[in-house]
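K.L.:
After the structure tokens below, expect a handful of questions from me.
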Amino acid sequence: IHCKSVDDIVEAHRTGKLAWVAVIESSSCIENEVDRLDVLYGLGVRSMGICYSESNMLGSGLKEPKDGGITDFGYDAIVRMNKLGILIDVSHTSDQTALDTATLSTKPIICSHSGARAPTPTSRMFPDEVIHAIAERDGLMCIEAAPNLTVTEKHPLHSIGSYMEHIEYCIDLIGIDHVGCGPDTNYTDHVGRYLANIE
């Protein structure tokens with residue numbers, strides 16, 4: 001069932017069907033036209049990321065050398081997503097973009113797949129300040145399990161131990177009600193696919 005509302009999710013569960021929610025990982029496709037959000041909502045999109053690692057018209061991505069945060073257009077997009085009911089995802093944004101989004105959004109936001117920078121010091125993970133900002137506004141911080149990202153000093157090889165270290169760290173930081181699992185992994189040999197792409 002293509003779920004467009006909570007009622008659709010409940011109905012999928014009641015009838016034993018698979019519930020599918022349409023998500024777009026980056027808002028780059030709207031370019032500089034906020035009305036395109038209405039079109040995507042009409043097509044059933046219910047969650048959207050601000051950007052995917054690189055900056056776009058809405059804000060800075062995590063790969064950029066300078067962190068510009070949310071743009072004026074990004075603010076307009078956040079207002080429209082809140083109005084429409086599109087869940088905002090900050091998984092691949094810069095720190096300031098995530099903080100700005102958490103502050104400017106009138107609805108809870110999500111980090112659907114990342115981790116904590118304290119156990120894994122990389123820009124792919126978020127610092128405590130961002131994790132707190134998401135939780136303080138009733139949002140959700142979900143930990144990813146894509147290979148070799150949530151590794152730690154204690155668990156230098158990707159494993160359930162390294163993954164759970166991130167889960168436990170975030171639960172201790174913001175409470176279990178604001179921590180989830182966001183695997184961000186393929187249902188195949190994920191590492192093998194990375195290696196195949198390199199070759």
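K.L.:
At 7 Å along Cα-to-Cβ for each site, give me the label-to-label distance between residue 43 and residue 104 in nm.
P.N.:
2.3 nm
K.L.:
Determine the relative contact order of the stretch 85-199: mean sequence separation of Cα pairs under 8 Å and six or more apart, normalised by residue count, in whole percent.
P.N.:
It comes to 24 percent, rounded to a whole number.
K.L.:
Considering only 105, 91, 47, give the residue with the highest GNM mean-square fluctuation for the chain, with springs between Cα atoms whenever their separation is below 10 Å.
P.N.:
Taking springs between Cα atoms under 10 Å, the residue moving most is 105.
K.L.:
I'd like the Kirkwood hydrodynamic radius of the stretch 112-182, using the inverse of the mean 1/r over distinct C-alpha pairs, in Å. Walk me through the numbers on the way to the answer.
P.N.:
Details: mean 1/r = 0.0859 Å⁻¹.
With all distinct Cα pairs of the stretch 112-182 included, I get 11.6 Å.
K.L.:
Which percent of the accessible area of the stretch 52-96 is formed by carbon and sulfur heavy atoms (probe 1.4 angstrom)?
P.N.:
Here carbon and sulfur together make up 51 percent of the probe-accessible area.
K.L.:
5 Å is the cut-off here: which amide hydrogens, built 1.01 Å from N in the peptide plane, fall below it relative to residue 139, excluding neighbours closer than 5 in sequence?
P.N.:
When sequence neighbours closer than 5 places are left aside, the close amide H contacts are 109.
K.L.:
List every residue whose amide H lies under 5 Å from the amide H of residue 61, counting only residues 5 or more places away in sequence or on a different chain, with H placed 1.01 Å from N in the peptide plane.
P.N.:
Excluding prolines and chain starts, which carry no amide H, the hits are 55, 56, 94.
K.L.:
Just for the Cα atoms in the stretch 81-199, what are the lengths along the principal axes, largest first, rounded to whole Å?
P.N.:
Sorted from largest, the Cα extents of the stretch 81-199 read 44, 30, 22 Å.
K.L.:
Mind checking which of 111, 170, 181 has the largest fluctuation in a GNM of the chain, springs on alpha carbons under 10 Å?
P.N.:
Evaluated over the chain, the most mobile residue of the options is 181.
K.L.:
Restricting things to alpha carbons, tell me how big the chain is in terms of Rg and Dmax, in Å.
P.N.:
17.0, 49
K.L.:
Let me know the volume per residue of the alpha-carbon convex hull for the stretch 3-90, in Å³.
P.N.:
Enclosed volume per residue, from the Cα hull, is 85 Å³.
K.L.:
I've got another one for you. Going by amide H atoms built from the backbone, whose H comes under 5 Å of the H on residue 47, apart from near neighbours?
P.N.:
Amide H neighbours of residue 47: 24, 87.
K.L.:
May I pose another question? Below 21 Å Cα-Cα, how many Lys pairs turn up in the chain? Only count pairs eight or more apart in sequence, or on different chains, if you could.
P.N.:
Number of lysine pairs found: 4.
K.L.:
Grab the Cα-Cα distance for residue 18 and residue 159, subtract it from 0.36 nm times how many residues apart they are, and report the gain in nm with one decimal.
P.N.:
47.9 nm
K.L.:
Let me ask something else about it. If the viscosity is 1.002 mPa s and the temperature 20 °C, what Stokes-Einstein diffusion coefficient in µm²/s follows for the stretch 86-150 when Rh is the Kirkwood radius over Cα pairs?
P.N.:
185 µm²/s
K.L.:
Which residue, 152, 185, 97, has the most motion in a Gaussian network model of the chain that connects Cα atoms within less than 10 Å?
P.N.:
Residue with maximal mean-square fluctuation among 152, 185, 97: 185.
K.L.:
Can you give the accessible area per residue of the stretch 1-112, in Å², using a 1.4 Å probe?
P.N.:
52 Å²
K.L.:
Oh, and also: With only Lys, Arg, Asp and Glu charged, each at its Cβ (+1 for the first two, -1 for the last two), find how big the charge dipole of the stretch 72-166 is about the Cα centre; round to the nearest 20 debye.
P.N.:
220 debye
K.L.:
Rounded to the nearest 500 deg cm²/dmol, what is the calculated helix-only ellipticity per residue at 222 nm for the chain, with -39500 (n - 2.57) per DSSP H run of length n ≥ 4?
P.N.:
After summing the helix terms and dividing by the residues of the chain, the value is -10500 deg cm²/dmol.
K.L.:
Restrict the search to the stretch 113-178; then list the trypsin sites (Lys or Arg not before Pro) that DSSP places in a loop and that have at most 13 other Cβ atoms within 10 Å of their Cβ.
P.N.:
On the way: sites: 117, 124, 137, 154; in loops: 117, 124, 137, 154.
Here the sparse-neighbourhood loop sites are 154.
K.L.:
Additional query: What is the local net charge at residue 106, summed over the other residues whose Cβ is closer than 10 Å to its Cβ (Lys, Arg +1; Asp, Glu -1)?
P.N.:
Cβ neighbours under 10 Å give a net charge of +3.
K.L.:
Taking the Cα centre as origin and putting +1 on Lys and Arg beta-carbons and -1 on Asp and Glu beta-carbons, what dipole magnitude results for the stretch 49-126, to the nearest 20 debye?
P.N.:
200 debye
K.L.:
Send over the Kirkwood Rh of the stretch 19-68, from the inverse of the averaged 1/r over different Cα pairs, rounded to one decimal Å.
P.N.:
With all distinct Cα pairs of the stretch 19-68 included, I get 11.6 Å.
The values are calculated or read from the model by the stated rules, or taken from the named source; none is laboratory data. These numbers come from a predicted model, not from an experiment. Glycine also receives a Cβ, built like all others from the backbone with ideal geometry; neighbour counts cover every protein chain displayed. To get the accessible areas, we keep the full protein, side chains included, count just its heavy atoms, and leave off ligands, DNA and RNA. Shrake-Rupley method; radii C 1.70, N 1.55, O 1.52, S 1.80 Å.
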